[in-house]
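What follows is a single structure, written as structure tokens, with notes after it.
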Amino acid sequence: MNMRSYFAQFDENVNGFTLEQTDIPALQSGELLVRNSYTTICRSDLYTFQGKRKEKNPTILGHEIVGHIVAMAPDAQPFDIRGKVLEIGDRITWGIYASNPNSVYAAKGIPQKAEDLFKYGHEQITADSTLHGGLAEYIILRKNTPIIVLKTDALPDHVASLVNCSVATVAGAIRLGGQLNGQTVLVSGTGMLGIIACAMAKIAGAKKVIAVDADQERAMRALSFGADLALGADLKPFMLEGDYTQSTSLKVDVVLEFSGMPDAMVSTLELLDVGGTAVWIGATFPQASIPINAEKMIRKVLTIKGLHNYNQNDLVDAVSFMEAEYKTYDFGDLVHGGFSLDQTTAAYRYAIDNNPFRVGIDLSIKIQQHG
Ligand SMILES: [Zn+2]
């Protein structure tokens, strides 16, 4: 019997998603077939849906995914990236990309920039490749995809799904921020990634974590996820606490910038103490250029680093962090779930209208047959 998979197809010419079905093809060399259990909708997915961002289409969106291995090609990789033997039934997450591990960029620690890059949830549907996104019952993982088995079944699906975009990207940002132990870390933009960054910075030993967001509710929410202080876009406290009320000059060692707002990048750079580092992650959309004072950069010995996506080690760090800390911080509380695959359009509209941190699609919910 041929196995089939439902999927939500995104086509920019259609006002929303259409529920489609396809035969699941025989696995090619190195491939794995995975039954998706849960997909959370990343902000970039919303931008694509709204036309703010261009993706080759028709496509299957969704790249924050968790699932189970259903089948493996005979020559599929035998181990996950932590060295565990891969088996049918394993609950896994994976890198959002497959790319040549021997590429020039992989050697530089940025395999996500290799020439042959294939990105799940970002590829066009073609005659011989359909199931490559999270808004589907099944996904086919290619050769050279970093795969990782989750060690605990207690980690809920709607939290585990955050790992392979949000948490892994934050893990990359934390890596670039350097040694955070005893440091003052400012997190600019407390959407899903910023919230996770507050928690990861705290767990990494940061002395003080400062959350900055123009939205007071979002900034204050970070206080439940490791932040010690919440500031508005004007860098003034929403609440009066501690020595910051007396201090006119806030100094930080590391800035992790997730808002992508030019003003925020400039104003938070100003707060860096001598030897400080700013990591810019948020500005993944067309930007105006910003003024940077070269003399200050030099005299204060500052560093600015950019990060897009993440590498394999970041994915390992992300999974290890979630496995260890999912009970410490209630990330699940930030995910508004309950949508099934055939409710994908409604889920996207809900996300845009209500702006929760994340909206989740539960792919284990049985699809209603539409006549
Ligand atoms: Zn994403």
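Observations on the structure shown:
- Summed over region 110-136, the residues that are part of a loop (DSSP other than H, G, I, E, B) and either within 16 Å of residue 10 (Cβ to Cβ) or under 18 Å from the mean Cα position of the chain (by Cα) (or both) give a count of 13.
- Check on residue 190, in contact (Cβ under 8 Å) with a residue 60 or more places away in the chain, part of a loop (DSSP other than H, G, I, E, B) and open to solvent by less than 20 Å² (accessible area, probe 1.4 Å): yes
- Residues that are outside any strand (DSSP E or B) and on the phi > 0 side of the Ramachandran plot are absent from region 278-297.
- Residue 114 passes every criterion in (1) in contact (Cβ under 8 Å) with a residue 24 or more places away in the chain; (2) in contact with a helix residue (DSSP H, G or I) (Cβ under 7 Å, 6 or more places away or on another chain); (3) away from the ligand (no atom under 16 Å from the Cβ); (4) not acidic (Asp, Glu) apart from (1).
- Sole exception among (1) modelled with pLDDT under 95; (2) of a type in the set (Val, Ile, Thr); (3) open to solvent by less than 60 Å² (accessible area, probe 1.4 Å); (4) within 16 Å of the chain's Cα centre (by Cα) for residue 316, by number: (1)
- Qualifying residues in region 55-94 (those that are in contact with a His (Cβ under 9 Å, 6 or more places away or on another chain), at pLDDT 95 or above and within 16 Å of the ligand (Cβ to nearest atom)) - the one farthest from residue 357 (Cα to Cα): 59
- On inspection, residue 20 does not qualify as of a type in the set (D, E, K, R), assigned to a loop (DSSP other than H, G, I, E, B), open to solvent by 30 Å² or more (accessible area, probe 1.4 Å) and over 18 Å from residue 169 (Cβ atoms).
- Filter pass, residue 138 being touching a Leu at 6+ places or on another chain (Cβ under 7 Å), of a type in the set (Phe, Trp, Tyr) and modelled with pLDDT of 95 or more: yes
- Flag if residue 35 is within 21 Å of residue 351 (Cβ to Cβ) and among the basic types (Lys, Arg): no
- Screening residue 286 with (1) more than 22 Å from residue 206 (Cβ to Cβ); (2) surrounded by 13 or more Cβ atoms within 10 Å (Cβ to Cβ); (3) of a type outside the set (Gly, Ala, Ser) gives one miss only, at (2).
- Within region 147-170, tally of residues that are within 16 Å of the ligand (Cβ to nearest atom) and either within 20 Å of residue 308 (Cβ to Cβ) or not in a helix (DSSP H, G or I) (or both): 10
- The residues of region 1-48 that are of a type outside the set (Lys, Arg), away from the ligand (no atom under 16 Å from the Cβ) and closer than 17 Å to residue 340 by Cα, listed by number, are 5, 6, 7, 8, 9, 16, 17, 18, 19, 20, 21, 37.
- Of all residue pairs spaced 6 or more apart or on separate chains, those with beta-carbon atoms under 6 Å, a first member in region 118-140 that is over 18 Å from residue 66 (Cβ atoms) and a second member that is open to solvent by 20 Å² or more (accessible area, probe 1.4 Å) and of a type in the set (Val, Ile, Thr) are 130/22.
- Yes/no for residue 5 being within 26 Å of residue 333 (Cβ to Cβ) and not in a loop (DSSP other than H, G, I, E, B): no
- Annotation: of all residues in region 323-340 being under 13 Å from residue 155 (Cβ atoms) and over 19 Å from the mean Cα position of the chain (by Cα), the one that is least open to solvent (accessible area, probe 1.4 Å) is 328.
- Pair list, Cβ < 7 Å and 6+ apart or interchain, from region 216-236 residues that are among the β-branched types (Val, Ile, Thr) to residues that are surrounded by fewer than 19 Cβ atoms within 10 Å (Cβ to Cβ): none
- Filtered by the rule that a residue be open to solvent by 10 Å² or more (accessible area, probe 1.4 Å) and within 16 Å of residue 36 (Cβ to Cβ), region 341-357 gives 342, 343.
- Filter pass, residue 52 being within 16 Å of the ligand (Cβ to nearest atom), surrounded by fewer than 23 Cβ atoms within 10 Å (Cβ to Cβ) and more than 16 Å from the chain's Cα centre (by Cα): yes
- Qualifying residue in region 32-49 (condition: loosely packed, with under 14 Cβ neighbours inside 10 Å and out of contact with any Asp or Glu (no Cβ under 8 Å at 6 or more places or on another chain)): no
- Of 97, 120, 105, all but one fail to be within 14 Å of the ligand (Cβ to nearest atom) and touching a Lys or Arg at 6+ places or on another chain (Cβ under 6 Å); the exception is 97.
The values are calculated or read from the model by the stated rules, or taken from the named source; none is laboratory data. All values reported here derive from a predicted model rather than from experimental measurement. Every residue, glycine among them, receives a Cβ derived from its backbone with ideal geometry; neighbour counts consider all protein chains shown. Just the protein is used for accessible areas: all its heavy atoms, side chains included, with ligands, DNA and RNA removed. Shrake-Rupley method; radii C 1.70, N 1.55, O 1.52, S 1.80 Å.
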